[in-house]
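Chemist: If you scroll down you'll find the structure; I have some questions about it.
The values are calculated or read from the model by the stated rules, or taken from the named source; none is laboratory data. This one's a predicted model, so the numbers in the text were calculated from it and none came from an experiment. Cβ coordinates were reconstructed from backbone atoms using ideal geometry, including for glycine residues, and neighbour counts include every protein chain displayed. Heads up: the accessible areas ignore ligands, DNA and RNA and are worked out on the full protein's heavy atoms, side chains in. Shrake-Rupley method; radii C 1.70, N 1.55, O 1.52, S 1.80 Å.
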Amino acid sequence: MMVADLPDEEEMRLLELNSYDVLGNESEEDFNDLATLAVQIFNYPIALVSLIDNNHQWFKGKSGTNETGNSRDLSFCAHTILQDNVMVVEDATKDKRFFDNPVVAGDFNIRFYAGAPILSPAGYKLGTVCLFDVKPGILSEADKKSLILLAKQASKLLELRKKNLVIRQRAEDIIELKSTIIGQMMQVQIDDKISMAHTLHEDLAQRIASGLLCLRTAENSSSSRPDLIHNAAKQLEEVLAGIKSLTYSIVPQAINVLPADVLIKEYIEKVAPAFDFSITINTESIAENNYSNIAVHAIGIIGQWLKVLAQKSITNVHIAVNIEDRFEILFEDNAAAAEPEKRKQEVLESSIYDRVKSMHGSTELFSLNGRQVLKISLPLVE
């Protein structure tokens, strides 16, 4: 048995092959269809779409056999990728390269082989489309041309796979980027809350205290009363201006290019693996506005309630988001039935109630078909 030499630039050929992320034991439907077509066209019992790596031959498409691959040393196709044209072995028992090959001398009894190399756009031979038979055979010139055409189709399938792989990778990168943006926005909100708390305590509270001191002093000092009252009024005016400024700063920044339902869905998909129960989501949005500002609040609400549910013995949670006349979020879970007051207390303790109330929204708790439901309803505010 003669083991095939390595092609020129073998290292580059292997790099090209690995770029398709196609190697493995499992055949694939598109390549199986191509092998089946080859059997029908040439009327040989076995056809393969074969890929050759550094020490193995993988059957990515097959018809007429259940084998998944074999050693490169035993491979007829390893010889085919050393040449530019179709390689034909009419009777392997009479070919010095193959007569004692185990697939010829052993139980497989291979006699006939024909293979056309699969070329990458860069010109590297990745494998073959090949035919086998247990009887000697021939391949006409017309059939050779047809086999070359099938090899070109295999190359196109590989290129399509690579493009799809790149698209998936880019999609994953985009989702990761969006998730990062969401995380950054939520961190901005946390920082804003800290800043607001500092403003309330260090600035506004002190001004109110100073104004009250002026008023109390004015009660016992008739001579300086007008000035003290004036100072108190000035302090209160500054407090009012500070409250207005603080109110404006509470409105979160928006990612206007991302619709609210998309933001929420991607957030849930990102955090779902952190919980022991499964999370499914359904989103419906027929509103024209993105409502990204509300989505930021909704993400906070969802995160808080999921943490509450994580303390319970449940296996699945379904979240539905509907944006129509109002921005609605429904949580359904299969926790054991709880007393209404207990569930209400859980909402209050999670601070969801205050968050929803501050947005002029509403919360509703009820049971539906044996499942516990929390419904959050928020007004649509651009």
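Chemist: With the Cα gyration tensor of the stretch 1-124 giving a ≥ b ≥ c as the square roots of its eigenvalues, does the rule (a/c under 1.5 for rounded; else a/b larger than b/c for prolate; else oblate) give rounded, prolate or oblate?
Modeler: Numbers: a/c = 1.58, a/b = 1.14, b/c = 1.38.
The shape class here is oblate.
Chemist: Still on this structure: Over the stretch 302-382, what portion of Cα pair distances is larger than 23 Å, expressed as a whole percent?
Modeler: Result for the distance tail: 17 percent.
Chemist: Need one number: nm distance between label points at K265 and S313, each 7 Å from Cα along Cα→Cβ, rounded to one decimal.
Modeler: 3.5
Chemist: Using only the heavy atoms of the protein chains and a 1.4 Å probe, how would L149, L212, L158 rank by accessible area, largest first?
Modeler: From most accessible down to least: L149, L212, L158.
Chemist: Here is a follow-up. With every protein chain left in place, what is the accessible area per residue of the stretch 91-144 in square angstrom, probe 1.4 Å?
Modeler: Working: 2490 Å² over 54 residues.
Accessible area per residue, the stretch 91-144: 46 Å².
Chemist: Going Cα to Cα from K342, which aspartates and glutamates come in below 15 Å? Please leave out same-chain ones fewer than 8 positions away.
Modeler: Cα-Cα hits under 15 Å: E364.
Chemist: What lysines does K234 reach when the alpha-carbon gap must be under 27 Å and sequence neighbours fewer than 8 apart in one chain are set aside?
Modeler: K193, K244
Chemist: I'd like the projected area of the stretch 85-154, averaged over all directions, using the convex hull of its alpha carbons. Report it in nm² with one decimal.
Modeler: Over every viewing direction, the Cα hull of the stretch 85-154 projects on average to 4.9 nm².
Chemist: Can you pull the accessible area of C130 for me, 1.4 Å probe, Å² to the nearest 10?
Modeler: Per-residue accessible area (C130): approximately 0 Å².
Chemist: Within 11 Å, Cβ to Cβ, of I314, how many net charges do the neighbouring residues add up to if Lys/Arg are +1 and Asp/Glu are -1?
Modeler: Once all neighbours under 11 Å are counted, the net charge is -1.
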